[in-house]
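Just below is one structure, and these are the notes that go with it.
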Amino acid sequence: MSIVMLESKLKSGNIVKKGGMVSKLILVRHGQSIWNDKNLFTGWVDIPLSQKGIFEALNAGEKLSKFDIDIVYTSKLARAIETALIILSKIDTQKTPI
C-alpha cells in the first residue's frame, strides 16, 4: 500500500500570506484485495480486501492519524471504500464525509 502526500501553501500572487494556510493532498491506494493475493487482475471487478489489505489500511490509518482530514474521495469499489473507512476509524474526527 502506498501513501503519497503533496503539500502547498495558499498564495496571493507570489507572496505567501503570513500564517498562510497549508493544504495537503493525500493519495492512498487501496489495500491488498483477495484477488491481488492470488495474483489475479481485478480491474473493475468489485473484490473485497484480504486480511493483509485490512492490516495495510489499519497501518495507513495509524500513519495518517495525526492529520486533520477534511474530506475523502473514493471510487465506488468495495476495496476502496473499505480502505477509506478503516483509515478513518483511526482518525479522531467527526467531520469527514466520504
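Computed from the coordinates by the stated procedures, all read-outs in this text should not be read as laboratory data. Here the structure is a predicted model, which means the values were calculated and not measured. Positions of Cβ are backbone-derived with ideal geometry, glycine not excepted, and every protein chain shown enters the neighbour counts.
Listing for the model above:
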quantity	calculated
Cut-off 20 Å, label 7 Å out along Cα→Cβ of residue 76, residues of the range 33-49 by amide N	42-49
Simple label model, 7 Å out from Cα along Cβ direction - residue 59 to residue 46, nm	2.8
Sites matching trypsin sites (Lys or Arg not before Pro) across the range 35-98 that sit in DSSP coil, with at most 14 neighbouring C-beta atoms within 10 Å	38, 66, 76, 95
Loop-located chymotrypsin sites (Phe, Trp or Tyr not before Pro) in the range 25-61 whose Cβ has at most 12 other Cβ within 10 Å (DSSP)	41, 44
